[in-house]
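Enquirer: Shown below is the structure under consideration.
Laboratory data are not the source of any read-out in this text; all were calculated from the coordinates shown. Model, not experiment: these values are computed from the prediction.
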Amino acid sequence: MADPMTLDDFWQTENGQQLQTDMAGMSQAEQATMLNQLQQAADNGDLSADFNTDSMFLDSQLAEEARGEAEYYQAEQAKAAEAGDWEKAEEMASNAEYAMEEVKDHGGDVADSEIVEAQYDQMELENADYHQEIADDKAASAEAYAASGDLETASMYADGAASEATVAADYGAQADQGGTYADQTVDTSSTFDATATVDTSASTIDTSSSYSSVDTTTTE
């Protein structure tokens, strides 16, 4: 078995010099993945003058494809969160986590904290979606009671819907909206307006954009 060597020593070999020439045609991201893999080989004592790097080229390409997917999914997560679509945002966070695992599996450099953050995102967004479903149910009940003329009960359900929507938004805002790879330009701190006044003069509740208290001053 060939003697193990450091990465600096490897660059001085014929194989290492040829590899540097080959890497010149790669993207910076792919070069970074290659270097990461070579350093891992050196740390493990596997790097030698006749070290075979053929598989590393394919791994570098696959790692960067997966990194691109992670960036895409995290950006989509941010968009979904901005729109208050917590279910989709959770799905995108899950996809991003899987893609980052793929980067890591192919020798790419991914911080464990990024993967953990994606996992926490999923938990926060799952909670947001859960409370949003409750808010939607309460809003539907409020609308039904208002339509029947029972404004007192409608008001109770509308208040409950507003409260649940606020909780959902709070959970959604706690999720990291996109992570390191995404363009973080969205604001999810106030997706839902739970303070607006709902007009029940026509015995209906408008839940298209917010949940709030029912105006029970309407005379029957």
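Enquirer: For region 59-111 and region 1-55, what is the separation of their C-alpha centers, rounded to whole Å?
Expert: 28 Å
Enquirer: Give the value in nm², to one decimal: projected area of the alpha carbon convex hull of region 55-195, averaged over all directions.
Expert: The directionally averaged projection comes out at 8.5 nm².
Enquirer: Please report, in cubic angstrom per residue, the volume enclosed by the convex hull of the alpha-carbon atoms of region 1-47.
Expert: 65 Å³
Enquirer: In whole percent, what relative contact order does region 1-47 give with Cα contacts below 8 Å and a gap of six or more residues?
Expert: Across region 1-47, relative contact order equals 64 percent.
Enquirer: Continuing with this model, one more query. Could you give the radius of gyration (one decimal) and Dmax (whole number) of the Cα atoms in region 37-127, in Å?
Expert: When restricted to Cα atoms, region 37-127 yields Rg and Dmax of 16.3, 55 Å.
Enquirer: Quick one: what are the phi-derived ³J(HN,Hα) couplings along region 87-104, Karplus 6.51/-1.76/1.60 with θ = phi - 60°, whole Hz, x for glycine and proline?
Expert: Result, rounded to whole Hz: 5, 5, 4, 5, 4, 5, 5, 5, 5, 5, 4, 4, 5, 5, 5, 5, 4, 5.
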